[in-house]
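Shown next, in structure tokens, is the structure this report addresses.
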Amino acid sequence: GTGTDNDLYINQAIVFIEDAIQYRSINHRVDSKSLWLYRWYYSRTCQWILSLTITIILALAFFEKPSSLTITSDVRYRPPAWNPPCGLTESIELLCFLVFMVDVSVKSYLIGWEEFWKNKWLVAYILTLVVSLIDWIVSLSFFCTEDVRIRRILRPFFLLQNSSMMKKTLKSINSTLPEMASVVLLLAVHLSLFTMFAMLLFARTKDGQQDKEWVGYFRNLPDSLTSLLVLLTTANNPDVMIPAYSKNRAYSIFFILFTVLGNLFLMNLLTAIIYNQFRGYLLKSVQSSLFRRRLGIRAAFEVLSSLREAPANAQQSYVSTEALLRVLRKVEMDSRCKQAITRSLKMCSCDQLSAAQFQKLFEELDKDAIKQHPPSPEYQSHFMQKMQFVFGHPYFGYLGNVVALANIVSICVVLVMDADKQPSERDDFFLGAINCFFILYYLLEMLLKILALGLKRYLSYPSNRFDGLLTVILLVLEIATFAVYGFPHPGWRPQFMGLLSLWDMVRLVNMFIVFRFLRIIPNMKFMALVVTTLLDLVKNLRAFAGILVVVFYAFAITGIMLFKGAVVPLGNIRHVAQFLPSARRGADYLSFGSIQIYRKKLHGCSSNCITWWCLLHLLSVNLICRWAKIYFVAWWLISSVIWVNLFVALLLENFIHKWDRRCHREPLSDIEYQRTVELMFRDVLEEPTEEELMEKLHQHPHLQLCR
């Protein structure tokens, strides 16, 4: 082809390979201008701007009325919160909407209008923007005094649609719902039957003194259902049982049976079903990601093969190694993978690559990320070699762990001895002296390890970085303490000076010392396995946590709108009476224990988020009127019953995978393996066939292949 065509083929191959690296779809425009726009859109700068815009629009809820800009959430003590003037947050919101409009316009253009109408997420994106803009106009028309702002509930959608992994996770959750519904239905039957039994067992009698169970928990059907639903989460256990148990010990059998059947059997059965079903659907999503990667690599091969003029009767296409090297120089990819592919390409004796060879080169993308530690320094002196051997030996680290344990024990002894003493009677000399001794040892240990391993090798270990950082912080705090309060001596208890008192400084040092004791984790294999499992979940399952953020945010905004006016200062209870059950109105409401949930947890976005975190596992809705209970029960079903069980399922999958790897391969001391969600399932994924790849390529709406 011509030089222009060759440049187009090179640019197409670059984009297809980048799509494969990021597991993106290749069904987009492939002309020169569109490829430039596509690479610009997926550049780090544009994606950073888009992520920043999403963060800003989500954060607006913490500044909009009712504002969360107060230290305390208790209405008795907090000063009036600053509320932004009308138009300030709305102007920021409009700028965010403009960014989103550019985003959806570019996406729609790049995939083409025919593909656009097939993409439900993009259609929903536009509808969300239209509704948000209309609501924004209405808000300004009412000078920001309207109570309901629909666009605030829609904001989490912008976060959701921007993550392909979050979309796949949400699709997997949606596919799992039918299987979960059967167990939830069984749970509802269990709850209903025991509710009827409870109303029959604890019916009202003539003796009012014996009706405490009926008065408190089983007065009517809604109260009975609520009491047992809360008992299912163990939030009111054993309070709900005590009145009946005081009357007759045999009543405890009812509550024990309910808890065993519901909490131990049905809830754990739900976890097992979710684990089995969700793992299968997540595996399908990861399988489709692998197909996208293989398809992108094969598309790059096909367009690069057009650079070579093959004979008319050629049965197989080839790509020159020179063309692939040109592409690799321009592709945005991990330097480790690029170097490995380039090295393999240069070691290859052939000048041309077949489709199988081309695909095999890019299998480097599927391998574990391997981190090798730098070598230790080589000393010529025999004395230094001895020093290096002693202080680089694992036993020296074990000695440091023993010293850290001794430090923790000494702190515990001092805290127990001083637990009942008044601040004026406390002598900080002993605690200050032992802290000084141990911190000097930690500093000496760090310097000797650096001497033995070398600075680069020392810093290459995460445990050493953690240890060294805390040692430096402890040293700085200790020097600051001596500079302000002098050296420890008997009766060391000077008056408050500077930002912190002496006792505050000592407590801060001790907290860091306790935190530093976590250094023992890498030396305990099983504990290290558990911790690395949790760290992998934090690093690789951000999409899953993002869905929880979406749910938190949506429920928090909905709570602000539903319970506006429920948070009032003490003594002004008329406006909030509608939110309380009739049995709780009046003088009973004035007690702090009865109203603290309203004072502290239903005002502002941050307070609502904390409320939902507190109710993530335990459901407590006894102080809420009947219509509001539906809202809280819906949160419990989504968060605790569904989301927590999904998290347990993924935690089990990650742990089992790491356990199997630990049993089959002992990790080398100088090599660390880092795996992604896709690599978790790598051993059970199926490679797509040649026919499947070519069939999909021929269906590409914008790419015309020669064969």
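The values are calculated or read from the model by the stated rules, or taken from the named source; none is laboratory data. Source: prediction; values computed, not measured. Cβ placement follows ideal geometry from the backbone for every residue including glycine, while neighbour counts extend to all protein chains displayed. Note: areas computed on protein heavy atoms with side chains; ligands, DNA, RNA excluded. Shrake-Rupley method; radii C 1.70, N 1.55, O 1.52, S 1.80 Å.
In segment 179-237, which trypsin sites (Lys or Arg not before Pro) fall in coil by DSSP and have 10 or fewer other Cβ atoms within 10 Å?
Working: sites: 204, 206, 212, 219; in loops: 204, 206, 219.
Here the trypsin sites (Lys or Arg not before Pro) that fit, given the DSSP loop and packing criteria, are 206.
Express the carbon and sulfur contribution to the solvent-accessible surface of segment 43-162 as a percent, rounded to the nearest whole number, probe 1.4 angstrom. Please list the in-between numbers first.
Working: 4760 of 6590 Å².
Of the solvent-accessible surface of segment 43-162, carbon and sulfur hold 72 percent.
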### Task
Arrange the residues 342, 195 by how much accessible surface each exposes, largest first, with a 1.4 angstrom probe.
342, 195
### Query
Any idea of residue 381's accessible area? Nearest 10 Å², probe 1.4 Å.
50
### Nearest-10 value in Å² for the accessible area of residue 336, using the 1.4 Å probe
70
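Sum up the charges of everything whose Cβ sits under 12 Å from the Cβ of residue 155, counting Lys and Arg as +1 and Asp and Glu as -1, but leave residue 155 out. Present the calculation step by step, with values, prior to reporting the outcome.
Values: positive: 149, 151, 152; negative: 64, 93, 135.
That sum, taken over residues with Cβ under 12 Å, equals 0.
What pairs in 338/367; 120/171; 346/456; 107/367; 118/696 have C-alpha atoms more than 19 Å from each other? All intermediate terms of the calculation are to be shown ahead of the outcome.
Details: 338/367 13 Å; 120/171 12 Å; 346/456 30 Å; 107/367 31 Å; 118/696 16 Å.
Where the Cα-Cα span goes over 19 Å, the pairs concerned are 346/456; 107/367.
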### Task
Whole number in Å², please: accessible area per residue of segment 83-190, 1.4 Å probe, ligands, DNA and RNA not counted.
51
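How large is the charge dipole for segment 43-162, taken about the Cα centre, if only the Cβ atoms of Lys, Arg (+1) and Asp, Glu (-1) carry charge, to the nearest 20 debye? Don't jump to the answer; show the numbers that get you there.
Numbers: 11 positive and 10 negative charges, 54 e Å.
Charge dipole, segment 43-162, about its Cα centre: 260 debye, nearest 20.
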### Query
Given R₀ = 41 Å, FRET efficiency for residue 71-residue 430 by Cβ-Cβ distance, to 0.05?
0.70
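Could you rank 17, 656, 137 by how accessible they are, 1.4 Å probe, largest area first? The partial results should precede the final answer.
On the way: 17 0, 656 75, 137 95 Å².
In descending accessible area the options line up as 137, 656, 17.
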### Query
To the nearest 10 square angstrom, what accessible area does residue 420 show with a 1.4 Å probe?
150
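Accessible area, 1.4 Å probe, largest first: how do 412, 46 sort? Present the calculation step by step, with values, prior to reporting the outcome.
On the way: 412 70, 46 25 Å².
So, going from the largest accessible area down, we get 412, 46.
Roll a 1.4 Å probe over the protein chains and send me the accessible area per residue for segment 366-478 in Å².
Values: 6530 Å² over 113 residues.
Roughly 58 Å² per residue, with all protein chains present.
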### Task
Find out how many positive minus negative residues lie around residue 689, taking Lys and Arg as positive, Asp and Glu as negative, among other residues whose Cβ is under 13 Å from that of residue 689.
-3
### Message
Restricted to Cα positions, what overall size does segment 37-185 have along the principal axes? Three whole-Å values, descending.
### Response
54, 48, 31
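Which trypsin sites (Lys or Arg not before Pro) does segment 360-402 hold that lie in a coil by DSSP with at most 16 other beta carbons within 10 Å? Before the final figure, lay out the partial values.
Working: sites: 360, 367, 371, 386; in loops: 367.
Listed in order of number, the matching sites are 367.
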## Note on the structure
Sorted by chain and then number, the residues having a modelled amide H within less than 5 Å of the amide H of residue 353, at least 5 places away or on another chain, are 319, 320, 321
